[in-house]
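Presented below is the structure to which this report refers.
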Amino acid sequence: MILADKITEERKKKGWSQEELANQLGVSRQAVSKWESAGSIPDLQRILQMSELFGVSTDYLLKDELEEERIISNECFGVSSEPLKKVTMEEANIFLDMKRKGSKVVANAISMCILSPVLLIILGTMTENHMFHISESLSSSLGCVFLFGMIAAAVFMFITYGMRESHMEDLEKDSFETEYGVSGMVREKRDTYEPTFIRNTAIGVVLCILSVIPLIIAGVMEAPDYICGISVGMLLIIIAVGVNLLIRTGMIKGSYDILLQEGEFSKEEKQLKKKTDTFSGVYWCLTTAIYLGWSFWSREWGFTWIIWPVAGVLFAALLGIFKMIIVKKK
């Protein structure tokens with residue numbers, strides 16, 4: 001429990017409002033509100049006053065109970081009680097800024113992968129319908145150059161982003177402690193960002209759902225092939241925009257959860273993930289081997305792709321069972 005929580009708890013024990021406590025300390029209600037939200041820290045004189053008003057020691061108010069939390073966490077997961085890394089306010093702000101900028105890079109790279117076949121599809125259908133006076137081989141070549149160029153650029157963006165953030169990736173994998181005030185700052189930023197996250201997530205999901213409309217319209221109107229090709233291109237463009245929004249907002253929201261160690265980045269989930277990583281690696285290596293073996297043996301590449309959605313659903317089920325087994329063993 002940090003100082004902000006202790007002030008709130010002791011004030012409520014006395015049955016005082018923030019304004020009543022502020023009057024007794026000779027400060028404004030806004031000052032007390034900032035203390036309780038960890039937006040600022042009271043000076044030593046106010047801490048001494050509060051220790052007398054609450055009937056507690058200054059040590060109790062100032063000393064964060066981090067050791068107790070660490071011991072409980074270590075006992076639950078059977079790990080040694082080694083000192084955890086402490087994240088400073090400066091490191092937290094650097095991490096949040098890095099994730100905010102990185103969210104654009106990753107979202108744009110994924111959108112580029114989605115958009116990469118658009119030119120190939122549109123040029124191919126238009127050439128077949130003699131809309132352009134170019135050969136099919138030339139249109140295919142141009143489409144392939146665009147496709148591989150977009151994918152190559154996207155891979156370059158993934159690699160450079162991964163290398164830039166590698167020095168802080170341990171925050172996503174290992175447990176850590178934060179200096180006083182960091183959690184309050186992160187919570188405040190997360191609460192401020194919450195409406196944007198909800199709005200952009202909703203827009204992204206709606207765009208992905210509506211993306212099929214151009215294709216449905218083309219099918220109902222029995223449009224020529226080149227119109228259907230353009231419709232597929234529009235579908236991919238709309239999906240790319242929707243996914244871009246989802247990735248950006250998800251990464252920014254996730255950066256707050258990482259520093260607060262909540263949700264899928266809680267200490268319990270991190271310990272659990274370490275134990276499931278091996279299972280995940282083996283599972284997908286086997287899936288890839290089965291896919292390649294089946295495809296080369298049958299030469300039905302247009303059909304064997306079905307293994308991936310099946311494997312994805314099966315993986316979720318098996319991973320859930322694996323986690324349940326691990327939890328029961330504890």
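Evaluate E = 1/(1 + (r/R0)^6) for SER280 and CYS144, where r is the Cβ-Cβ distance and R0 equals 35 Å; express this FRET efficiency to the nearest 0.05. That pair, SER280 with CYS144, gives E of 0.60. Measuring nothing but how far apart in sequence close Cα pairs (under 8 Å, 6+ apart) lie, relative to its length, the stretch 185-255 scores a relative contact order of 48 percent.
Between ALA289 and ILE325, what FRET efficiency follows from the Cβ-Cβ distance if R0 is 30 Å, with the result rounded to 0.05?
Working: r = 25 Å, r/R0 = 0.82.
The formula returns an efficiency of 0.75 here.
Pairs from the table (LYS104/LYS267; LYS34/LYS267; LYS86/LYS267; LYS86/LYS323; LYS101/LYS189; LYS12/LYS267) lying more than 18 angstrom apart at Cα are LYS104/LYS267; LYS34/LYS267; LYS86/LYS323; LYS12/LYS267.
The Stokes-Einstein estimate for the stretch 105-175, based on a Kirkwood radius over Cα pairs and taken at 20 °C with 1.002 mPa s viscosity, is a diffusion coefficient of 152 µm²/s.
Counted residue by residue at 0.36 nm each, then reduced by the alpha carbon distance between them, the extension gain from ILE213 to GLU194 reaches 3.9 nm. Placing +1 on each Lys and Arg Cβ and -1 on each Asp and Glu Cβ, with no other charges, gives the chain a dipole about its Cα centre of roughly 300 debye.
The Cα trace of the chain gives Rg and Dmax of 27.4, 89 Å, the first to one decimal, the second as a whole number. Once whole DSSP H runs in the chain are found, which of them have Cα atoms spread over 20 Å or more along the helix axis and a mean Kyte-Doolittle score of at least 0.5? Answer set is 136-165, 225-260, 307-329. Remark: the ILE307-GLU172 segment gains 45.6 nm on full extension, using 0.36 nm per residue and subtracting the alpha carbon distance. Between GLU262 and GLU19, what FRET efficiency comes out of the Förster formula 1/(1 + (r/R0)^6) with R0 = 35 Å and r the beta carbon distance, rounded to 0.05? That pair, GLU19 with GLU262, gives E of 0.70. Using heavy atoms of the protein chains and a probe of 1.4 Å, the accessible area assigned to ARG164 is about 130 Å².
Counted residue by residue at 0.36 nm each, then reduced by the alpha carbon distance between them, the extension gain from ARG100 to THR201 reaches 34.8 nm.
Counting only helical runs of four or more DSSP H residues, what would the 222 nm mean residue ellipticity of the chain come to if each run contributes -39,500 (n - 2.57) and the total is spread over all its residues? The partial results should precede the final answer.
Working: 16 runs with 260 residues, N = 330.
For the chain, the value works out to -26000 deg cm²/dmol.
For the options ILE94, ILE114, ILE217, a Gaussian network treatment of the chain with springs between C-alpha atoms closer than 10 Å singles out ILE217 as fluctuating the most.
Ordering LEU314, SER255, LEU147 by Cα displacement along the dipole of the chain toward the positive end leaves LEU314 in first place; charges were set at the Cβ atoms of Lys, Arg (+1) and Asp, Glu (-1). Label reach from MET89 (point 7 Å along Cα→C-beta): in the stretch 170-191, amide nitrogens under 15 Å belong to 178-189. Quick check: at a probe of 1.4 Å, how many percent of the accessible area of the chain sits on carbon and sulfur atoms? Its accessible area is 65 percent carbon and sulfur atoms.
The values are calculated or read from the model by the stated rules, or taken from the named source; none is laboratory data. Remember, it's a predicted structure, so these values are computed and weren't measured experimentally. When we count neighbours, we look across all protein chains shown, and the Cβ atoms used for this are built from the backbone with ideal geometry, even at glycine. In case anyone asks, the SASA skips ligands and DNA or RNA and just uses the protein heavy atoms, side chains included. Shrake-Rupley method; radii C 1.70, N 1.55, O 1.52, S 1.80 Å.
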